[in-house]
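Below is one structure, written out as structure tokens; the observations come after it.
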Amino acid sequence: MKKKNTFLFDLDGTLTDPMIGITKSVQYALKNYGIIEEDLWNLTKFIGPPLAQSFQKYYGFSEEESHQAVEYYREYFAPTGKFENVVYDGIPTMLGALKEAGFVLAVATSKPEVFAKDILKHFNLEQYFDFVGGALLHGRTDKAEVIAYVLENLNVEKDKVVMIGDREHDSLGAAKNDLDSIGVLYGYGDRVEHEAAGAGHIVETVEELEKYLLSLI
């Protein structure tokens with residue numbers, strides 16, 4: 001991979017482990033449709049992709065039902081679920097090292113931007129980022145669109161930018177924007193998913209990610 005000066009980070013499954021908050025919010029939304037899911041691990045497939053797409057894909061919801069399900073999801077997520085979240089070990093240290101080395105850091109997440117900013121502030125991570133870009137509450141949910149939006153707000157050359165994330169949507173969205181990508185395995189995507197999506201490099205741990213990113217200077 002060529003030398004880089006700008007890193008775009010996914011949020012869920014890359015900077016933080018949102019498992020409890022997201023799955024409980026999905027569980028709450030499904031209950032409004034009479035669907036009872038007691039095992040939260042069965043709902044981890046919702047971590048990463050746009051929510052409306054996942055309700056359609058995994059539960060056969062219509063487009064209208066899926067958008068309503070997202071509204072139910074937010075009834076739980078907005079006040080409670082967004083903070084049922086844990087920063088992965090080593091993330092603050094890595095971000096600090098990258099900033100000290102002079103890299104431009106940004107967040108590109110399919111999570112609504114307003115929630116992403118609340119989460120980053122809550123965990124004292126916002127200090128590391130030059131820009132935080134996310135979805136809109138009603139619109140701009142596709143990862144490629146989010147990445148394009150972040151790039152519009154950063155004065156950087158595309159060939160100097162890399163997208164880092166734990167799901168295929170991160171690499172696919174990066175490719176649509178002519179960016180290189182790095183897949184992380186400590187989140188919710190596996191190696192097969194990353195390879196199929198065209199990730200340019202794959203790492204297993206936060207420590208390995210930090211070492212690789214610092215080598216790109």
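The values are calculated or read from the model by the stated rules, or taken from the named source; none is laboratory data. What you see is a predicted model; the values in this text were computed from it and never measured. Glycine gets a Cβ as well: all are built from the backbone with ideal geometry, and neighbour counts include every protein chain shown. Surface areas here come from the heavy atoms of the whole protein model, side chains and all, with no ligands, DNA or RNA. Shrake-Rupley method; radii C 1.70, N 1.55, O 1.52, S 1.80 Å.
Only helices enter this figure: runs of n ≥ 4 DSSP H residues, each worth -39500 (n - 2.57), summed and divided by the residues of the chain, yield -12500 deg cm²/dmol at 222 nm to the nearest 500.
Which percent of the accessible area of the chain is formed by carbon and sulfur heavy atoms (probe 1.4 angstrom)? List each step's numbers first, then the result.
Values: 4740 of 9760 Å².
Looking at the chain in its full context, I get 49 percent from C and S.
Annotation: LYS2 carries an accessible surface of approximately 150 Å², with a 1.4 Å probe and no ligand, DNA or RNA atoms counted.
Net charge dipole, the chain: roughly 380 debye, given to the nearest 20, about the Cα centre with Cβ charges of +1 for Lys and Arg and -1 for Asp and Glu. For the pair the stretch 13-82 / the stretch 149-217, the C-alpha centres are spaced 25 Å from each other. Positive contributions from Lys and Arg (+1) and negative ones from Asp and Glu (-1), summed over other residues with Cβ under 14 Å from the Cβ of TYR72, come out at -2.
Against the chain, whose longest principal axis comes from its Cα atoms, helix 113-122 is set at around 70 degrees. Of the beta bridges in the chain, as assigned by DSSP with both residues counted there, near 15 percent are antiparallel. Extension gain for SER215 to GLU65 (0.36 nm times residue separation, less C-alpha to C-alpha distance): 49.4 nm.
The angle separating the long axis of helix 91-100 from the principal Cα axis of greatest extent in the chain is about 30 degrees. Out of LEU8, TRP41, GLN27, whose Cα points farthest toward the positive end of the dipole of the stretch 6-51 (charges: +1 Lys, Arg; -1 Asp, Glu; placed on Cβ)? Positive-most Cα among the choices belongs to GLN27.
Shown is the FRET efficiency for ASN32 and VAL192, computed with R0 = 35 Å from the Cβ-Cβ distance and rounded to the nearest 0.05: 0.55.
List the pairs from LYS31/LYS82; LYS2/LYS143; LYS31/LYS176; LYS143/LYS211; LYS2/LYS57; LYS2/LYS45 whose alpha-carbon separation is above 30 Å, in the order I gave them. Intermediate results must be reported in sequence, preceding the final value.
Working: LYS31/LYS82 19 Å; LYS2/LYS143 23 Å; LYS31/LYS176 36 Å; LYS143/LYS211 26 Å; LYS2/LYS57 37 Å; LYS2/LYS45 32 Å.
Table pairs above 30 Å Cα-Cα are LYS31/LYS176; LYS2/LYS57; LYS2/LYS45.
Computed from point charges on the beta carbon alone (+1 for Lys and Arg, -1 for Asp and Glu), the dipole magnitude for the stretch 97-198 about its Cα centre is near 240 Debye.
In this view, the solvent-accessible surface of GLU145, computed with a 1.4 Å probe and all protein chains in place, comes to about 100 Å².
In Å², and per residue, what accessible area does the stretch 14-143 have when probed at 1.4 Å with the other protein chains present?
On the way: 5880 Å² over 130 residues.
With the other protein chains kept in place, the stretch 14-143 gives 45 Å² per residue.
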